[in-house]
Amino acid sequence: MEPLSSQYKDTIQRMMAHSAGNKHVSIHDVYQEGNRSILPYIDAIIADSLEPGSGIRSFANIEKLAALSREGSKCLLLVEHYSNFDLPVLAYLLRKAGPEGERIADAIVAIAGIKLSESNPVVSAFSEAYSRLVIYPSRSMEELKSAITDPMKRAAETMKANAINLASMKELARLRTEGKLILVFPAGTRFRPWDPSSKRGVREIDSYIRSFDYMSLVSINGNILRLNPEGEMSEDILSKDRVVIDISEPLRCDEFRNRIKHQTPPGEDKKQATVDAVMAALETMHEGVARSLKS
């Protein structure tokens, strides 16, 4: 199987003509509206790759969450993460569900790591199609500390990371009260089968849950963009697959956190326990869909 960048080279070249170009993120542009002119090119790739039976289960649940958001509640989507096409496929299937699905897709703002904007022009162009709030993730911070040996450069990059995250949190406070659905991948990275730790939720997700009113969990069965262990993100392998997305009923964030907090033994990390409970619930949803697809 060929990498995405080779298999759809002509499509990507045409798409790149509509891109604003790879750029460094500053505190002034951490929130970036989706570039709709790129969507037709990505949609064409997705349409070629999705097999029959792909779709969204429990669409009514995301309708409920979107209605709560439009009424003024702060609403969160916590999504399993297998590939850089998780958001594109979710948005594509929402828009294929009709006018309400299109409205919901337009309301989604994804929390996106800075690498998606700065690492590679092709990856940046794919990311650019969707509205996102750029952050400097904790994993990237750890990589930064080990990769930069010069103390001055490390201090400067750390200052930049902290400034970007502060600006993003200010934007998040605004966006979550404006009818937006904030999408977060609680694992913070794509799942790597050879690295089980990549499926563990990151502790800071508890802070998101604490600051929202409602959340829906989103499981993803199937994957049309497989990780290439030997290459960059632009070299991931495109393959045909059936993708089935399941969405939970909206859950009260405070009730969820309080329940897990009271179940957590004294002395254990309650924040991590909350995120672990999210990941366990997502895994249960995932396995339930997998069983139904086999039957």
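Summary table below
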read-out	value
Extended-chain gain in nm, criterion 0.36 nm per residue less alpha-carbon gap, A47 and S198	51.5 nm
Residue among G267, G55, G98 with the largest mean-square fluctuation in a Gaussian network model of the chain, springs linking Cα atoms under 10 Å	G267
Positive-end residue of T149, C253, I111, charge dipole of the chain with Cβ unit charges	C253
For G34, distant residues with modelled amide H under 5 Å away	S131, R132
DSSP beta bridges in region 4-294 [antiparallel fraction, %, rounded to 5]	35 percent
For L225, distant residues with modelled amide H under 5 Å away	S239
Two-decimal log10 I(q)/I(0) for region 1-90, as the Debye equation yields it once each C-alpha is a single scatterer, q = 0.14, 0.22 Å⁻¹	-0.78, -1.28
Size of electric dipole in region 123-264: Cβ of Lys, Arg +1 and of Asp, Glu -1, about Cα centre, debye, nearest 20	380 debye
Max mean-square fluctuation residue, GNM over the chain, Cα-Cα springs under 10 Å, options L39, L133, L183	L39
Options A277, P99, V30, ranked by Cα towards positive dipole end of the chain, top entry (Cβ charges)	A277
Max mean-square fluctuation residue, GNM over the chain, Cα-Cα springs under 10 Å, options S138, S49, S197	S197
Simple spin-label estimate for R174 and R154 in nanometres, 7 Å along Cα-Cβ	3.5 nm
Cα-based shape type of region 4-294, given that a ≥ b ≥ c are square roots of the gyration tensor eigenvalues and the cut on a/c is 1.5	rounded
Charged-residue dipole, Cβ positions (Lys, Arg, Asp, Glu), region 96-192 about Cα centre, Debye nearest 20	220 debye
Within the chain: Cβ-based charge dipole about Cα centre, in debye rounded to nearest 20 (Lys, Arg +1; Asp, Glu -1)	540 debye
Whole-angstrom gap from region 44-78 to region 222-295, using each part's C-alpha centre	15 Å
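Read-outs throughout are calculated quantities, based only on the coordinates presented, and are distinct from any laboratory measurement. Because the structure is predicted, anything quoted here is derived from the model rather than measured. No Cβ is skipped: glycine too gets one built from the backbone with ideal geometry, and neighbour counts run over all protein chains shown.
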